[in-house]
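Enquirer: Handing you this structure, nothing more for now.
Quick note: the coordinates plus some simple rules give every number you see, no bench work behind them. All values derive from a computational prediction rather than experimental measurement. All Cβ positions, glycine included, derive from the backbone under ideal geometry; neighbour counts span all protein chains shown.
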Amino acid sequence: MKKIITLVSFMSVFGACSQENNSVVKPVEVVAKNIFVADPTIYYSKGFLVLDKVSGGRSADSSGDFKLTASISVSTKDSSHYKVAPSITGNANTTNMENVDDTLYAQNLFIRFAGINADKKFRIAVKETDKLIDFIAVKAYIFPYINLVWFGLVLMAIGFVISIIRRAGFSSPAAAIVLLAVAAGLCYMFLFAD
């Protein structure tokens, strides 16, 4: 857990692949399929993919840079739904293009936006593996401005202590000392301690 003045980030490992078998993972061959806009569906062994839309285009300046992103929904046999977004970046003035692939570890899928054919069909390449790829999955939670919540709790607790001091009838010097000690302890506990 990392704490900064304005936010708290918490990271935890929630999944790890064991390395019991050191054999090489044999992937299924990459299959590139042409997708029509009328029927944008690709089936694989555990479900199907649907091409939702292709977005992007050329940059506003005259450099000729472009980026096309395919928004794809993945639906599985067990009714899980995922979103992936492989893309293509490049420059229209040269033939250099770079594929930015997307991987869906939960389904062992590797998805690539392979381009557009001359007859205006989108090409999506899908690769499945029969075993999980070795990885560690980490969840990261970031709570921006969480210290405002803690400050509110400290303020409320100090108000509670003030009401107890007044009801108990402490003298002014004793009340000030108790109030400062409680305020310092609460500030340390809520704002600075890990």
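Enquirer: Could you list all residues from segment 157-180 that are part of a helix (DSSP H, G or I), more than 18 Å from Phe192 (Cβ to Cβ) and either in contact (Cβ under 8 Å) with a residue 40 or more places away in the chain or not small (Gly, Ala, Ser) (or both)?
Expert: First pass over segment 157-180, keeping only residues part of a helix (DSSP H, G or I): 157-168, 172-180.
Cutting the leftovers down to more than 18 Å from Phe192 (Cβ to Cβ) gives us 159-168, 172-179.
Scanning segment 157-180 gives Phe160, Val161, Ile162, Ile164, Ile165, Arg166, Arg167, Pro173, Ile177, Val178, Leu179.
Enquirer: If you check Thr95 against the conditions, is it surrounded by 14 or more Cβ atoms within 10 Å (Cβ to Cβ) and without any contact (Cβ under 8 Å) to a residue 60 or more places away in the chain?
Expert: No, not satisfied.
Enquirer: Here's another thing I want to ask about it. Can you tell me which of (1) touching a strand residue (DSSP E or B) at 6+ places or on another chain (Cβ under 6 Å); (2) surrounded by 14 or more Cβ atoms within 10 Å (Cβ to Cβ) is the one Ile165 doesn't meet?
Expert: (1)
Enquirer: Which strands (runs of 3 or more DSSP E) does segment 40-112 wholly contain that include 2 or more residues that are small (Gly, Ala, Ser), within 20 Å of Phe122 (Cβ to Cβ) and in contact with a strand residue (DSSP E or B) (Cβ under 7 Å, 6 or more places away or on another chain)?
Expert: 47-58, 65-76, 87-91
Enquirer: Could you check segment 109-127 and list, in sequence order, the residues that are over 18 Å from the mean Cα position of the chain (by Cα) and either of a type in the set (Val, Ile, Thr) or buried (at least 17 other Cβ atoms within 10 Å of the Cβ) (or both)?
Expert: First, pick out the residues of segment 109-127 that are over 18 Å from the mean Cα position of the chain (by Cα): 112-127.
Result: Arg112, Phe113, Ala114, Ile116, Phe122, Ile124, Ala125, Val126, Lys127.
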